[in-house]
1. Suppose we filter segment A:62-77 for residues that are within 13 Å of chain B (Cβ to nearest Cβ) and either more than 19 Å from residue A:52 (Cβ to Cβ) or within 17 Å of the chain's Cα centre (by Cα) (or both); how many remain?
2. Being within 17 Å of residue A:182 (Cβ to Cβ), out of contact with any strand residue (DSSP E or B) (no Cβ under 8 Å at 6 or more places or on another chain) and surrounded by fewer than 24 Cβ atoms within 10 Å (Cβ to Cβ) is the filter here, so list the residues in segment A:140-164 that pass it.
3. What are the residues in segment B:245-259 that are farther than 14 Å from residue B:199 by Cα and either assigned to a helix (DSSP H, G or I) or in contact with a helix residue (DSSP H, G or I) (Cβ under 8 Å, 6 or more places away or on another chain) (or both), if any?
4. Assuming residue A:137 fulfils every condition listed in (1) buried (at least 24 other Cβ atoms within 10 Å of the Cβ); (2) within 12 Å of chain B (Cβ to nearest Cβ); (3) more than 21 Å from residue B:287 (Cβ to Cβ) apart from one, which condition is it?
5. I'd like to know if segment A:286-299 contains one or more residues that are out of contact with any helix residue (DSSP H, G or I) (no Cβ under 7 Å at 6 or more places or on another chain) and either part of a loop (DSSP other than H, G, I, E, B) or touching a residue at least 40 places away in the same chain (Cβ under 8 Å) (or both).
6. State all residues of segment B:218-233 that are more than 16 Å from the chain's Cα centre (by Cα) and part of a helix (DSSP H, G or I); if no residue qualifies, say none.
7. Taking segment A:177-211 only, how many residues are buried (at least 17 other Cβ atoms within 10 Å of the Cβ), part of a loop (DSSP other than H, G, I, E, B) and within 11 Å of chain B (Cβ to nearest Cβ)?
8. From the list B:74, B:118, pick out the single residue that is over 30 Å from residue A:150 (Cβ atoms), buried (at least 20 other Cβ atoms within 10 Å of the Cβ) and more than 9 Å from chain A (Cβ to nearest Cβ).
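The values are calculated or read from the model by the stated rules, or taken from the named source; none is laboratory data. Please read all numbers here as calculations on a predicted model, not as lab measurements. Glycine also receives a Cβ, built like all others from the backbone with ideal geometry; neighbour counts cover every protein chain displayed.
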């Protein structure tokens, strides 16, 4: 591709909108020598649904409470990610054959114990998953933000600068995952910062720190992707063929997520979109169609004045 | 065609979800602020064109009325946008940067100079001061007019909202057509009868564009086009189409009657409001139901997995 070549970095303007991108922080203008891209690998196969991540996030980041709201959907009373919930543990209860309950938890007890089919739990499996902002390679929220409040950090993460945000709300419908939200009591948009303040001090994010099973793993994204590949292979070998990664692929519609997941069922079962695409991928086509419509409107107006006597 | 029959055009598809909850967030934008902002922006853009062209072709009454409408609706559009902000006192942050990836940033850089120029033109028109500068400002605002008529379509389309995003080819034409009929509508009410000819013709051209784009949006988008046909947004859009047709008909049949022309103009303006509110509500409906996210994305994944030959027109040639 030659059109739109910037000449210096080797990326084209189309690369900036969609597709794989080796170094989002560098592309955003951070100088050489910036830290590696950091992210989350959330291994839901070892999530125990304790919600320590939700609590630790709220405590560290001073996120307001959402009140006591019993939703009646298993143990999930948070519901969804939002301005006041930057981690959200989903609980899915599924009827399955009893043998399928074994999840291949690493290093616990004797392996290959037959499941106790007589217990009340037989034939039910619980999927638990701690969801979070994906810190997309191509972040629609950042692309559409008119004020420059949303920005790409030196760690390749996406953060709202609250002293700039004017609460226009454009990021909210732009996010293909439904993560970012305007806080009604405040007017500005809020979401996970991947604990930007802690990262700058060499600490791991509060949720990963608090996670008792290491379901939430924090580290350089390259390492996390390798670790996740190995974990999927391990689970497949242990007879969990449904284990799959979500958001790890740089060729997906958002150029890969900075926070990706190991899931045990289809993404939509956890409330995740199966094939998200950054909306700005199609922005060139949108500007083009706007241009054509604008020319048509101008031509129509001219024709109306030239086309008659009165 | 009855609504019931239209529903049957889309086959029922099974999909899975998390307790039926939405995947996407609903737009936080307020009603009537934002649909009103969409409508007023289009009205202002086409009125600026009518004003400048009216002035240039010796139609001072049409020019005066349209310039005043352009300024009034541009300022009101800015007001609606600011009122919708979570932090209105920070509205100037909109002009902090110019980002081509943000239609709202580009739009702010269109809207801000446009409203300034249109207001200058209207002020000159009202006071009679600096007539040449007023004419120049009016001409410059008319230059931005086509962008004013259409940028809000990109603003909606550049989101993850299925009904808006998938309509990104049609929405600019729908909004451009709607803007032309709105501007024509205002002129049919406010301009002298002897100078209404161009407004009448602009209205007919805009009505044609709008109806053609609406037809394509409702028929060509498959499942994500459903919110445009059903429920409250479906009613609003049907009302918008009917009012556009009434406005076009009355503007031609009643061209000798001042009163009938004014009714035609009112119909055009009401049509513009109904269409913007309908498009806005359809987007919200498509965000509220996870099926509009899951089913098209599943189909896309299935299509990518099997070798489907897609023709340029988008029709599948061979699907097993």
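1. 3
2. Within segment A:140-164, A:163, A:164 meet the criteria.
3. B:245, B:246, B:253, B:259
4. Failed condition: (2).
5. No - not one qualifying residue is present in segment A:286-299.
6. Scanning segment B:218-233 gives B:219, B:220, B:222, B:223, B:224, B:225, B:226, B:227, B:231, B:232.
7. Counting residues in segment A:177-211 that are buried (at least 17 other Cβ atoms within 10 Å of the Cβ), part of a loop (DSSP other than H, G, I, E, B) and within 11 Å of chain B (Cβ to nearest Cβ) gives 8.
8. B:118
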